[in-house]
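The values are calculated or read from the model by the stated rules, or taken from the named source; none is laboratory data. The shown structure was predicted, so the numbers you read here are calculated from the model rather than taken from an experiment. Backbone-built Cβ (ideal geometry, glycine too); neighbour counts: all protein chains shown.
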Amino acid sequence: MDGPILSVNDLKTTFQTANGIVRVVDGVSYALRRGETLGIVGESGSGKSAASLSLMRLVPEPGLIEGSITFDGTDLLSLSASEMRKIRGRRMAMIFQDPTASLNPYLKVSTQLTEITRLHRGYGRVEARSHAVEMLRTVGIPDPERRIDDHPHEFSGGMRQRVMIAMALSCGPELLIADEPTTALDVTIQAQVLDLIRELKERSGTSVILVTHDLGVVAGMADNVIVMYAGRVFEQASTRDLFARAANPYSIGLLKSMPDPAREISGPLYQIPGLPPDAANLPIGCPFAERCYRAEEICRREAPPFIEVAPEHYSLCHFAADVYAGHTPAPEFGL
Amino acid sequence: MTTDQEPLISIRGLTVSYSSGRGLIGKRHTVKAVDGVSLDIAEGETLGLVGESGCGKSTLGRAVLRLTEPTGGEVLFRGRNLAELSNSAMRAERKGLQMIFQDPYGSLNPRMTVRQIIEEPIRAFRLAGCSDIGARVRELLETVGLASGHLDRYPSEFSGGQRQRIGIARALAVEPEFIVADEPISALDVSIQAQIINLLKRLQAEKGLTYLFISHDLRAVRHVADRAAVMYLGRIVEIASGREVYSDPLMPYTKALISAVPLPDPNAEARRQRIVLKGDLPSPIDPPTGCPFHTRCPYAINDCRYVVPQLVEIKPKHHAACIRINPENPDIDTNAKAESGATSIFEHGSSGSNGSIRIDPSKSA
């Protein structure tokens with residue numbers, strides 16, 4: 001347990017468009033310990049996916065990544081494309097929401113699974129195949145010796161997601177980035193896949209970054225959480241702290257607007273008013289000010305500071321300490 | 001399943017089957033997407049319909065409105081059998097029956113302005129004179145929380161949540177009594193979902209609407225629905241009040257479904273016992289014999305392979321379809337312990353060891 005496996009410092013991902021610079025990720029910093037699971041939560045357009053694609057340097061042209069990403073002592077942004085390729089897939093792997101998009105429909109699963117280990121580990125054909133069968137067995141594909149020669153379309157959605165996980169794990173990566181890995185799946189299949197990730201993590205000590213919009217998934221999986229909004233980290237805390245005592249009006253809104261089936265709710269659900277801002281057209285002050293129950297004049301004028309309200313618990317808010325102390329509770333049903 | 005008053009909608013043995021032919025030589029399959037569903041929905045009630053993808057819940061919703069023609073059974077709307085109506089009579093009846101779709105992108109014509117989209121049903125049913133129609137459209141827009149400045153814009157200029165509001169305004173334009181909301185929040189962001197749920201509930205309170213709320217999201221159904229029905233492979237397997245389905249599920253599938261819902265509470269997540277189901281939903285082309293759930297059920301015994309369980313009132317107003325529970329012994333865990341002599345098909349592999357009738361589930365007719 002020496003040093004973090006990954007440390008990200010002031011990560012900025014920008015796109016130069018005809019309408020000016022779009023800051024998709026705007027100053028994200030965190031450190032991930034070995035064996036830790038970090039949840040990154042946000043709505044669409046919050047920059048959560050772009051932030052994780054940036055780690056793999058998979059941001060499409062003309063995206064520009066700035067800041068520093070240090071993976072096990074190596075600065076990833078200074079690597080050449082070919083050096084990066086040696087790390088990607090071998091030491092860092094990624095799984096996506098839509099497995100159909102990351103599996104080649106024309107190739108048998110066996111071809112796609114053996115390709116990685118032959119490339120990265122120099123396995124021979126026979127060795128690679130038996131390793132691939134073993135991986136499929138690990139992720140719970142029944143009858144892997146036979147199924148390995150099927151094409152991706154012959155698997156169901158949940159099974160395809162497992163094939164992708166098998167592929168991501170075949171070189172025994174130290175870091176697994178899972179971008180909405182269960183969003184397209186039914187709840188019972190989601191439970192299976194999350195269980196699988198949890199189990200594999202315990203067995204191999206892989207560090208995991210779990211990107212999701214579902215706070216419920218984070219509650220059950222992550223040690224620490226980052227809440228993103230408009231490309232910025234709005235709150236960062238241990239999962240327990242965040243759920244017990246959030247320090248940012250946006251996180252509080254997200255937590256309160258989720259129906260908790262264990263609790264009796266009469267009357268309307270808490271709602272955050274309005275819409276997330278357009279990343280190409282962010283306001284000057286706090287990007288959440290227009291939707292915030294705690295906003296004052298300063299919020300529309302000045303960008304909010306990132307305040308440590310408790311050890312290892314940060315909130316991006318002019319009134320972070322006040323919100324954390326619960327001095328101004330959120331209105332019962334939102335604005 | 002019966003309520004004291006006359007139900008607004010009464011679904012009786014509704015069946016939708018498709019035949020998936022394989023050309024001249026191949027074997028023809030019949031897929032029963034909805035298999036003999038009976039449900040009553042009282043006036044002003046929200047009935048939640050939950051199930052995993054492919055269970056037939058959307059087909060059921062569409063068949064109730066005859067957007068998909070049912071192949072059997074009937075749907076009574078205020079006592080009138082919709083299935084018997086001619087197309088033109090059905091069209092007139094649609095004024096009272098509307099639908100809100102999951103995909104606010106696909107269900108709005110991209111070449112029509114918001115004004116045209118909302119005006120269309122009003123004109124079609126001649127519900128307002130030419131002079132009043134503009135005022136009516138503005139009123140509807142305001143009801144769903146959009147500004148009249150949005151009237152001459154196109155759907156592509158709106159976000160998902162706003163498009164869903166346009167879809168809701170269109171449904172409300174004909175002043176319906178009954179609305180089928182098919183996954184109305186699944187395509188929306190978390191912070192927007194609460195807005196749409198609150199809007200639907202407010203409209204219900206104001207206009208006395210009756211909803212069939214279809215969703216795979218148990219958390220949303222638990223919050224929105226007065227009663228919730230759980231669907232599996234075309235059949236209703238459990239139905240009770242929203243609270244009871246959640247707090248006291250009886251049927252093993254419902255138990256598994258509820259235990260799989262992620263809770264927004266790390267302490268509860270750490271404590272909970274999860275029933276993780278093995279495998280996927282079986283193909284409706286070749287459904288299991290007996291209880292459709294027996295292939296994945298941790299409590300399944302040999303009988304489950306050939307006895308089709310009927311929906312039985314196990315507790316007051318709480319129906320479930322499972323042969324291992326009954327009104328005297330409603331708890332399957334207790335029953336499973338008491339009957340531990342019975343052979344579980346999981347403990348003993350696939351071959352039945354007693355003398356009961358065996359049907360190979362993989363070779364159903």
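Computed quantities for the displayed model
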{"item": "Criterion violated by B:VAL308 - all others in (1) more than 24 Å from A:THR212 (Cβ to Cβ); (2) of a type in the set (Val, Ile, Thr); (3) part of a loop (DSSP other than H, G, I, E, B); (4) within 12 Å of chain A (Cβ to nearest Cβ) satisfied", "result": "(4)"}
{"item": "Selection status of B:ALA260, under 19 Å from the mean Cα position of the chain (by Cα) and in contact (Cβ under 8 Å) with a residue 40 or more places away in the chain", "result": "no"}
{"item": "Some residue of the range A:51-63 being under 16 Å from A:LYS12 (Cβ atoms), crowded, with 18+ Cβ neighbours inside 10 Å and among the polar types (S, T, N, Q)", "result": "yes"}
{"item": "Residue list for the range A:264-293, filter: within 9 Å of chain B (Cβ to nearest Cβ) and charged (D, E, K, R)", "result": "A:GLU264, A:ARG291"}
{"item": "Residues of the range B:131-159 that turn out to be in contact (Cβ under 8 Å) with a residue 24 or more places away in the chain, surrounded by fewer than 17 Cβ atoms within 10 Å (Cβ to Cβ) and small (Gly, Ala, Ser), as a count", "result": "1"}
{"item": "Considering residues of the range B:26-54 that are charged (D, E, K, R) and within 16 Å of the chain's Cα centre (by Cα) only, the residue farthest from B:GLY79 (Cα to Cα)", "result": "B:GLU52"}
{"item": "Within the range A:59-81, tally of residues that are in contact with a strand residue (DSSP E or B) (Cβ under 8 Å, 6 or more places away or on another chain) and either among the β-branched types (Val, Ile, Thr) or not in a helix (DSSP H, G or I) (or both)", "result": "13"}
{"item": "First in the range A:176-192 and surrounded by fewer than 23 Cβ atoms within 10 Å (Cβ to Cβ) and at pLDDT 85 or above, second anywhere and part of a loop (DSSP other than H, G, I, E, B) and aromatic (Phe, Trp, Tyr), Cβ under 9 Å, 6 or more apart", "result": "A:ASP179/A:PHE96; A:GLU180/A:PHE96"}
{"item": "Filter result (over 18 Å from A:LEU269 (Cα atoms), crowded, with 21+ Cβ neighbours inside 10 Å and more than 18 Å from the chain's Cα centre (by Cα)) within the range B:170-208", "result": "B:ARG170, B:ALA171, B:LEU172, B:ALA173"}
{"item": "Count of residues meeting criterion [charged (D, E, K, R), outside any helix (DSSP H, G or I) and either over 15 Å from A:PRO105 (Cβ atoms) or in contact with a Ser or Thr (Cβ under 6 Å, 6 or more places away or on another chain) (or both)] in the range A:125-159", "result": "2"}
{"item": "Checklist (1) in contact (Cβ under 8 Å) with a residue 60 or more places away in the chain; (2) within 12 Å of chain B (Cβ to nearest Cβ); (3) part of a helix (DSSP H, G or I); (4) surrounded by fewer than 18 Cβ atoms within 10 Å (Cβ to Cβ) applied to A:ARG240, failing item", "result": "(1)"}
{"item": "Unmet criterion (only one of (1) surrounded by fewer than 21 Cβ atoms within 10 Å (Cβ to Cβ); (2) part of a helix (DSSP H, G or I)) for A:ASP260", "result": "(2)"}
{"item": "Residue check, B:GLU238 acidic (Asp, Glu) and buried (at least 24 other Cβ atoms within 10 Å of the Cβ)", "result": "yes"}
{"item": "Matching residues in the range B:74-103 - criterion: being under 26 Å from B:ARG165 (Cα atoms) and of a type in the set (Asp, Glu)", "result": "B:GLU93, B:ASP103"}
{"item": "Any hit, the range A:108-120, residues being surrounded by fewer than 20 Cβ atoms within 10 Å (Cβ to Cβ), of a type in the set (Gly, Ala, Ser) and more than 26 Å from the chain's Cα centre (by Cα)", "result": "yes"}
{"item": "Every residue from the range A:98-134 that is without any contact (Cβ under 8 Å) to a residue 40 or more places away in the chain and in contact with a Pro (Cβ under 6 Å, 6 or more places away or on another chain)", "result": "A:VAL133"}
{"item": "Residue list for the range B:259-302, filter: crowded, with 21+ Cβ neighbours inside 10 Å, at the interface with another protein chain (Cβ under 9 Å from one of its Cβ atoms) and outside any loop (DSSP other than H, G, I, E, B)", "result": "B:PRO266"}
{"item": "Residue list for the range A:27-80, filter: of a type in the set (Val, Ile, Thr) and over 25 Å from A:ARG203 (Cβ atoms)", "result": "A:VAL28, A:VAL41, A:VAL59, A:ILE65, A:ILE69, A:THR70, A:THR74"}
{"item": "Failed condition for A:PHE96, given (1) under 22 Å from A:GLU199 (Cβ atoms); (2) within 14 Å of chain B (Cβ to nearest Cβ)", "result": "(2)"}
{"item": "Residues satisfying the stated conditions in the range A:209-230, i.e. under 13 Å from the mean Cα position of the chain (by Cα), closer than 27 Å to A:HIS318 by Cα and away from chain B (no Cβ under 12 Å)", "result": "A:VAL211, A:ILE226, A:MET228"}
{"item": "Complete set of residues in the range A:311-335 that are within 14 Å of chain B (Cβ to nearest Cβ) and touching a Phe, Trp or Tyr at 6+ places or on another chain (Cβ under 6 Å)", "result": "A:ALA330, A:PRO331, A:PHE333, A:GLY334, A:LEU335"}
{"item": "Selected residue (criterion: modelled with the lowest pLDDT) from residues of the range A:243-255 that are within 10 Å of chain B (Cβ to nearest Cβ) and surrounded by fewer than 21 Cβ atoms within 10 Å (Cβ to Cβ)", "result": "A:LEU255"}
{"item": "Of residues in the range B:8-62 being part of a loop (DSSP other than H, G, I, E, B) and over 19 Å from B:ILE214 (Cα atoms), the one modelled with the highest pLDDT", "result": "B:ARG28"}
{"item": "Candidates A:GLU302, A:GLU296, A:GLU308 - the one that is acidic (Asp, Glu), more than 13 Å from chain B (Cβ to nearest Cβ) and touching a Phe, Trp or Tyr at 6+ places or on another chain (Cβ under 6 Å)", "result": "A:GLU308"}
{"item": "Qualifying position, being assigned to a helix (DSSP H, G or I) and farther than 20 Å from A:THR114 by Cβ, among A:ALA178, A:ALA191", "result": "A:ALA191"}
{"item": "Yes/no for A:ARG198 being within 14 Å of another protein chain (Cβ to nearest Cβ), exposed (fewer than 15 other Cβ atoms within 10 Å of the Cβ) and closer than 26 Å to A:ILE69 by Cβ", "result": "yes"}
{"item": "Selection count, the range A:174-195, where residues are closer than 29 Å to A:LEU282 by Cβ and facing chain B (nearest Cβ under 8 Å)", "result": "0"}
{"item": "Subset of the range B:126-142 (residues that are over 13 Å from B:LEU172 (Cα atoms) and either within 29 Å of the chain's Cα centre (by Cα) or not in a helix (DSSP H, G or I) (or both))", "result": "B:ARG126, B:ALA128, B:GLY129"}
